[in-house]
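What follows draws every value from the coordinates through simple rules; no lab data is involved. All values derive from a computational prediction rather than experimental measurement. All Cβ positions, glycine included, derive from the backbone under ideal geometry; neighbour counts span all protein chains shown.
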Amino acid sequence: MTVLVNGKVTKTIQVHGTPSLYALVNDDKPAQGNLELRVAPGVEGYAFTFG
């Protein structure tokens, strides 16, 4: 999965095996922006937010 913030790639996460939670953005302070996730065919995504 590729993570983009405001159109820029910030992280690539290898997704495989047992379902797990992944931190997509980890900043010290609140911010506004656009979050885009690009996943490979066959990958299922679920959204959870905390905070």
Any hit, segment 1-9, residues being free of Cβ contacts under 8 Å to residues at least 40 places away in the same chain, surrounded by 10 or more Cβ atoms within 10 Å (Cβ to Cβ) and in contact with a Leu (Cβ under 7 Å, 6 or more places away or on another chain)
yes
Give the residues of segment 9-51 that are assigned to a loop (DSSP other than H, G, I, E, B) and of a type in the set (Val, Ile, Thr), sorted by residue number.
13, 15, 18, 25, 39, 43, 49
